[in-house]
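Asks: Encoded as structure tokens, here's the structure I'll be asking about.
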Ligand SMILES: [Zn+2]
């Protein structure tokens, strides 16, 4: 599943590409996962994209009609933007991101008018004057929601998300930890209601940087460890965005290039490789249904 840096990279690339374009139509065969909340295709026709943004792992396409399109890629979603000249693609690597679109995994097609002539016939990729954003999802876990822009907060999904992992202040982070005494720290970091955007990769990376064992109870962390954890998470998230997202599960960024972050990963998927600090082989252990990667020497479960 894409984590915060990967979704940030997709949203940023799309923002450069579709900001200012006008929505011509939306085609979809996915009524079960397409939530209109009382709006219809008609309401979005002619809407100009003002910004593409991200909240947690959700991509937000904001429009000048005060309507926002929310897209969650979940496990197997991909977003592919195609115009006459180029394609930008991000998300799950299957089917390959360079396949012709639309294809049988295409659930939703957003048709944009680039200011050129349009046609009332079914608009195809490459047709003059139009471009397309395809939401493909082989396993159909993702979803699209249409909401009124000002009312994002009452939208039930977003309401459940905790503060954004990149935006949360240190004070807020440590306050929220204070009530979670017995919970294992890695499990808590991956809980989207605690903080939004962190999954298996960046919890491993943040904990390695802070020298904290993933199974430690939150209540056992010292003030200096909490500070180091906050710093470690921020650093690994920012580095990943800078490097174009991770290439875990063969993730590709919206420019179609494999993300480079994992070249810089210190713990995640480094099982058996020497710890960059002390040389001890990185260990992997099942924990709460996920694999935790950590240095058994630097990250002691029962520190003295
Ligand atoms: Zn180590």
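The values are calculated or read from the model by the stated rules, or taken from the named source; none is laboratory data. On a predicted model such as this, the values are computed, not experimentally measured, just so you know. Here the Cβ is made from the backbone with ideal geometry for all residues, glycine too, and neighbour counts use every protein chain on show.
Asks: Name the one entry in 217, 178, 258, 210 that is modelled with pLDDT of 90 or more and touching a strand residue (DSSP E or B) at 6+ places or on another chain (Cβ under 9 Å).
Replies: After ruling out the rest, the residue left standing is 217.
Asks: Also: If we keep just the residues of region 276-302 that are more than 9 Å from the ligand (Cβ to nearest atom) and not in a strand (DSSP E or B), which is surrounded by the fewest Cβ atoms within 10 Å (Cβ to Cβ)?
Replies: 289
Asks: Taking only pairs six or more apart or across chains, which ones have beta-carbon atoms under 9 Å, a first residue in region 286-300 that is touching a residue at least 12 places away in the same chain (Cβ under 8 Å) and over 19 Å from residue 273 (Cα atoms), and a second residue that is part of a strand (DSSP E or B) and more than 12 Å from the ligand (Cβ to nearest atom)?
Replies: 287/184; 288/184
Asks: Find the strands (runs of 3 or more DSSP E) located wholly in region 1-102 whose residues include 1 or more that are in contact with a helix residue (DSSP H, G or I) (Cβ under 9 Å, 6 or more places away or on another chain) and within 26 Å of residue 205 (Cβ to Cβ), and list them.
Replies: 49-55, 58-63, 67-72, 77-82, 87-91
Asks: Next question, about the same structure. Do we find that residue 177 is over 19 Å from residue 282 (Cβ atoms) and part of a helix (DSSP H, G or I) in this structure?
Replies: yes
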